[in-house]
Amino acid sequence: MTSVKQLTSDTMGTIYELTNESGTIVRVSPEGARLLDWVIPIEEGRDIVAGYDSIQGHIDARYYGATIGPVAGRIAGTRFTIDGKEYQTEDNDGGNTLHGGFNGLDTDTWLAETFEDQTKAGVIFTTDRRDGTGGFPGNVRYQVTYTLSNDNALSLTYDAVTDQATLFNPTNHGYFNLTGDTQKAIDTHLVQINANHVAETNEDVTTTGAKTAVAGTKFDFTKEREIGDTLLDDPFLLDHEQEWDLQVTSPDQKVRLTVTTDRPAVVIYTTGTGEVGAAMKTGPMANHGAMAIETQGVPGTEKFQQFGDITLRPETPFHSVTTYRVHF
């Protein structure tokens with residue numbers, strides 16, 4: 001049977017702990033509707049999610065495990081246009097808007113409602129934003145639902161409604177190291193991504209509107225291989241031709257993570273020298289110590305229609321599901 005309970009600690013504040021019948025434990029926080037822990041019942045419990053040892057550490061660093069929005073990634077030039085009207089967002093990334101600006105959804109304290117039954121347990125997080133917050137139009141209600149099932153799947157469901165046209169392209173910025181120890185590099189993790197193209201990016205990581213075939217490049221994970229010491233911060237354009245879109249396997253072969261999503265892209269970000277030494281819950285972060293798996297619309301879609309549409313309108317509420325499943 002699955003269960004959910006509310007806990008409080010001096011270091012983490014209020015958290016919600018989801019448990020299934022196999023003993024898998026997921027912990028989430030209303031601060032940023034954030035994924036904190038995902039403990040697999042092997043050995044003495046292997047926590048595959050990288051994070052800080054306090055909620056203040058998460059808040060200060062902002063993105064670890066957090067719900068990102070209203071627009072994940074970068075809005076180039078801090079400007080976008082909807083129905084002929086131009087809007088300006090905040091410059092928090094060298095002339096661009098990153099992850100919603102200075103006060104993205106990761107900075108909100110979300111309201112929480114729990115649920116449980118025989119096969120699943122979860123938390124529904126809700127937050128409201130007023131028209132003009134961060135430069136984005138519309139009074140918008142956002143919801144993120146974390147659901148842990150007995151088959152060891154963690155589903156993240158995103159919903160949003162607005163009273164006027166705006167942009168919405170959310171993601172979760174969870175970082176993973178399947179060894180359970182971010183003092184170990186992820187270089188020998190095995191990765192497979194069902195994507196034959198990546199979105200081309202500029203030096204500032206904004207997208208150009210073009211796509212590049214992965215064959216023969218460092219982005220070719222169409223067949224399983226070690227990730228190596230490659231630094232990534234790139235949008236893979238998913239083909240959606242298999243039962244899962246991405247899989248990662250631990251070096252000891254004891255844990256495999258599969259990801260399935262209805263979104264057109266996944267940004268893979270690997271930590272580098274900028275994160276080295278950060279005070280993670282397992283000790284100082286190693287170089288290349290974790291990878292973020294960020295399912296989303298293609299960054300830059302607000303400027304490049306060939307990538308789709310991330311406009312949220314009153315008549316078309318947003319709904320999307322990404323499911324992470326562990327096999328052990």
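Numbers below:
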| read-out | value |
| --- | --- |
| Neighbour cut-off at most 12 other Cβ (10 Å), DSSP loop, GluC sites (Glu not before Pro), the range 157-232 | 203, 224 |
| ³J(HN,Hα), Karplus 6.51/-1.76/1.60, whole Hz, each residue of the range 136-153, x for Gly, Pro | 8, x, x, 7, 10, 9, 10, 9, 10, 10, 9, 10, 9, 10, 5, 8, 6, 9 |
| Residues whose placed amide H lies under 5 Å from that of residue 100, excluding near-sequence neighbours | 71 |
| Approximate spin-label separation residue 53-residue 14, in nm, with each point projected 7 Å along Cα-to-Cβ | 2.6 |
| Footprinting exposure proxy for 110, 38 (fewest neighbouring C-beta atoms within 10 Å first) | 110, 38 |
| The range 289-328: C-alpha gyration tensor shape, a/c 1.5 cut-off, then a/b vs b/c | oblate |
| Förster-model FRET efficiency, 35 Å R0, residue 309 and residue 111, C-beta, rounded to 0.05 | 0.75 |
| Dipole of the range 202-285 [Lys/Arg +1, Asp/Glu -1 at C-beta], most positive-end residue of 207, 259, 237 | 259 |
| Residues 319, 99 arranged by fewest to most Cβ contacts within 10 Å | 319, 99 |
| In nm, spacing of pseudo-spin labels at residue 187 and residue 88 (7 Å Cα→C-beta vector) | 4.6 |
| Charge context of residue 149, other residues only, Cβ under 14 angstrom, K/R +1, D/E -1 | -2 |
| Residues with amide H under 5 Å from that of residue 280, placed H, sequence gap 5 or more | 285 |
| Summed residue charge, Cβ within 11 Å of residue 272's Cβ, Lys/Arg positive, Asp/Glu negative | -3 |
| Interchain or long-range residues, amide H under 5 Å from residue 200's placed H | 208, 209, 210, 211, 212 |
| Cβ-Cβ FRET estimate between residue 3 and residue 279, R0 fixed at 35 Å, reported to 0.05 | 0.70 |
| Mean Cα-pair separation over length for the chain, i.e. relative contact order, pairs under 8 Å, 6 or more apart, % | 18 |
| Footprinting exposure proxy for 90, 44 (fewest neighbouring C-beta atoms within 10 Å first) | 44, 90 |
| HN-Hα J in Hz across the range 275-289 - Karplus 6.51, -1.76, 1.60, θ = phi - 60°, x for Gly and Pro | 9, 4, x, 4, 7, 6, 5, 9, x, x, 5, 6, 5, 6, x |
| The chain: calculated mean residue ellipticity at 222 nm from DSSP helix runs of at least 4, using -39500 (n - 2.57) | -500 deg cm²/dmol |
| J(HN,Hα) series, the range 251-267, from Karplus relation 6.51 cos²θ - 1.76 cosθ + 1.60, nearest Hz, glycine and proline x | x, 8, 6, 8, 9, 10, 10, 10, 10, 10, 8, 9, 7, x, 8, 9, 8 |
| Ranked by how many other beta carbons lie within 10 Å on average, peptides 125-131, 13-19 from highest | 13-19, 125-131 |
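Just so you know, all these numbers are worked out from the coordinates, no wet-lab data involved. Small disclaimer: the values here were computed from a predicted structure and weren't measured. Here Cβ is always computed from backbone atoms with ideal geometry, including for glycine, and neighbour counts include all displayed protein chains.
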